[in-house]
Amino acid sequence: MKEGQLHPAGARSRRAIIDSLLDLMEREPFDGITVSQIAGYAGITRRTFYAHFRDRETALLYRIGELKGELLNTLLIGDPKDLNGILQICFRFWGGHRHFLLLLHRHRLLHFIQAGFDGFTAWLRDFYTSEAPRRDEKAGYSSALLSGILWGLLRHWVETGASETPDELIACIAEIIRRLDDALPD
């Protein structure tokens with residue numbers, strides 16, 4: 001096994017912890033779920049839980065980190081050329097994880113998504129712009145704008161029940177962008 005690589009038994013324990021936490025969140029309030037419950041449900045000891053995670057929140061953030069990696073890979077494979085392409089990939093991705101997002105929202109934990117994706121928009125900006133963004137004094141503003149757009153849209157979609165399909169949401173966003181573009185002076 002390579003250095004830094006998780007032993008297969010450790011990987012199974014970590015997966016069991018995450019799955020158990022999410023299963024328990026289907027039935028109980030997050031604040032009422034204990035590490036003992038998660039460990040018992042996962043068939044492991046509390047000691048094994050603490051070997052992998054500091055607390056329930058850390059376990060949840062780990063799952064969000066997994067999703068972040070999956071989304072980054074999806075973006076790399078999809079290779080979008082503009083904001084519309086980025087939005088399409090992002091919302092199709094999140095459409096596939098709608099249940100997880102609604103579960104977080106039900107427990108008032110949707111903000112964990114935002115916390116878990118810190119730095120994501122800076123990565124997008126750096127990856128998709130040809131200019132030298134680290135030297136651009138406005139680079140931080142472009143990251144903040146993109147972050148606000150992505151987070152605001154995702155949060156609103158989830159808070160309103162995520163009833164639109166990703167394609168319906170993308171069409172709505174495209175219409176809003178078109179209207180904004182028409183409203184701005186040349």
Checked the stretch 125-182 for anything hydroxyl-bearing (Ser, Thr, Tyr) and modelled with pLDDT under 70; matches are 128, 129, 130
Would you check if there is a residue in the stretch 52-62 being in a helix (DSSP H, G or I), closer than 23 Å to residue 162 by Cα and out of contact with any His (no Cβ under 6 Å at 6 or more places or on another chain)?
yes
In the stretch 41-86, anything at positive phi and of a type in the set (Asp, Glu) is listed as 79
Kindly list, by first and then second residue, each pair from a residue in the stretch 80-96 that is among the small types (Gly, Ala, Ser) to a residue that is surrounded by fewer than 17 Cβ atoms within 10 Å (Cβ to Cβ) and assigned to a loop (DSSP other than H, G, I, E, B), limited to pairs with Cβ atoms under 7 Å and residues at least 6 apart or on different chains.
95/165
Selection from the stretch 32-63 of residues surrounded by fewer than 17 Cβ atoms within 10 Å (Cβ to Cβ), under 21 Å from the mean Cα position of the chain (by Cα) and over 14 Å from residue 112 (Cβ atoms) yields 54
What pairs come out if I take residues in the stretch 16-44 that are in the same structural domain as residue 99 (by TED's automatic domain parsing) and pair them with residues that are in a helix (DSSP H, G or I) whose C-beta lies under 8 Å away, six or more apart or interchain?
none
Contacts under 9 angstrom Cβ, first residue in the stretch 158-172 being touching a residue at least 40 places away in the same chain (Cβ under 8 Å) and surrounded by 15 or more Cβ atoms within 10 Å (Cβ to Cβ), partner of a type in the set (D, E, K, R) and part of a helix (DSSP H, G or I), 6 or more apart
158/98; 162/98; 166/92; 166/98; 170/92
Give the number of residues within the stretch 70-79 that are in a helix (DSSP H, G or I) and either without any contact (Cβ under 8 Å) to a residue 12 or more places away in the chain or polar (S, T, N, Q) (or both).
5
Just give me the residues in the stretch 6-50 being in a helix (DSSP H, G or I) and small (Gly, Ala, Ser), in sequence order.
9, 10, 11, 13, 16, 20, 32, 36, 39, 40, 42
Is there a residue in the stretch 13-20 that is at pLDDT 95 or above, of a type in the set (S, T, N, Q) and more than 24 Å from the chain's Cα centre (by Cα)?
no
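The values are calculated or read from the model by the stated rules, or taken from the named source; none is laboratory data. The model shown is predicted, which means the values in this text are computed figures rather than measured ones. Please note: Cβ atoms are built from the backbone with ideal geometry, for glycine as well, and neighbour counts cover all protein chains shown.
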